[in-house]
Amino acid sequence: MKNGQSKQFERLTVFYGGKVKNAVKMNVLLAFAIMGAGMILSGCKAAPELTQDQALAMIQAKYDATPAVGANIIVNNDGMVQGATAKLWNRSTIYPNKYWADFTLTPDGKKAIKLAGTGDIIKWRPDSPTDTKYSVVLLTVAANHLKAHDIKDIQDVGKTKTVTFIEGVDLTGVPQVLVGIAHNPGNQLSTTRQADFVLDSGAWKLQSIE
């Protein structure tokens, strides 16, 4: 091979050889970049979905884990008449002012409601004969857990999720006359609540109910 041809070959070898080496380096770097990106993505998985059914189930599980209790029932003048008519209590004493009275629980009444303390006397003490706001609070013997229902759309709030729902009083096992009294004015059998959820080990967990 002549000297001119040899030098030309060397230049071509250096030129193409350099391009090949650079291409190989670029491919290696690109491969590492793709691997790195894959590792980052795998380490930053998207948060799992939280459905309304899942949220409602967690809320109800919280209520079910709480000891069952009786329901407070506010009894106004109409309710006292309803209870007396149903033989849950009888008037045992009437006072000189003619609008104070004591009502004693009947055997059926004792099976249905509890009074504060250990007595069985409902002390009716309105301010006047026309006092329509006076009422007493009775506790049902039947004990139940609160019930969650009517859950709304779940909202993202920072790193948490929140949802509003209805917390309802369960009157299962309560005599029908008391159920009717519980629907009289003054009673609140349902309340709007908010539940907050947080991620815990990659899964949504109920944090609080407000």
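Give me a comma-separated list of calculated 3J(HN,Hα) values for the range 178-193, in order, Karplus coefficients 6.51, -1.76, 1.60 applied at θ = phi - 60°, integers in Hz, x for any Gly or Pro.
Values, residue by residue: 6, 4, x, 4, 5, 9, 6, x, x, 8, 10, 9, 8, 9, 7, 10 Hz.
From the phi of every residue in the range 109-119, what ³J(HN,Hα) in whole Hz does the Karplus formula 6.51 cos²θ - 1.76 cosθ + 1.60 yield, where θ is phi - 60° and glycine or proline is x?
Karplus-based 3J(HN,Hα) across the range 109-119 equals x, 5, 6, 9, 9, 10, 10, 4, x, 10, x Hz.
Ala65 to Leu199: extension gain in nm, 0.36 nm per residue of separation minus the Cα-Cα distance? Working shown, then result.
On the way: separation 134, 0.36 × 134 = 48.24 nm, distance 2.10 nm.
Taking 0.36 nm per residue and subtracting the Cα distance, the gain is 46.1 nm.
Can you list residues from other chains, or at least 5 along the same chain, whose modelled amide H is less than 5 Å from the amide H of Gly186?
Result for Gly186 returns nothing.
Can you give me the distance in nm between label points at Thr93 and Thr192, each placed 7 Å from the Cα along the Cα-to-Cβ direction?
In this crude spin-label approximation the distance works out to 4.5 nm.
Provide the gained length on full extension for the span Leu139 to Thr172, in nm with one decimal, where the gain is 0.36 nm per separating residue minus the Cα-Cα distance. Don't skip to the end; give the middle numbers.
Values: separation 33, 0.36 × 33 = 11.88 nm, distance 1.37 nm.
Length gained, Leu139 through Thr172: 10.5 nm.
Calculated FRET efficiency, Val179 and Val157, Cβ-Cβ r, R0 30 Å, to nearest 0.05? Display every interim value, and only then the final one.
On the way: r = 38 Å, r/R0 = 1.26.
Computed FRET efficiency for Val179 and Val157 comes out at 0.20.
Report the gain in length on full extension from Ala116 to Met58: 0.36 nm times residue separation, minus Cα-Cα distance, nm rounded to one decimal.
17.5 nm
How about the range 80-111: which trypsin sites (Lys or Arg not before Pro) there are in a DSSP loop, with at most 16 other Cβ atoms within 10 Å of their Cβ?
Hits after loop and neighbour filter: Lys87, Lys98.
Residue by residue, what Karplus-based ³J(HN,Hα) values in Hz, rounded to whole numbers, does the range 47-62 have, using 6.51, -1.76 and 1.60 with θ = phi - 60° and x for Gly and Pro?
Rounded to whole hertz, the list is 4, x, 6, 10, 8, 4, 5, 5, 5, 5, 5, 5, 5, 5, 4, 5.
Read-outs: derived from the displayed coordinates by stated rules, not from any lab. It should be emphasised that the depicted structure is a prediction, and the values quoted were computed from it without experimental measurement. Virtual Cβ from ideal backbone geometry, glycine too; neighbours counted across all protein chains shown.
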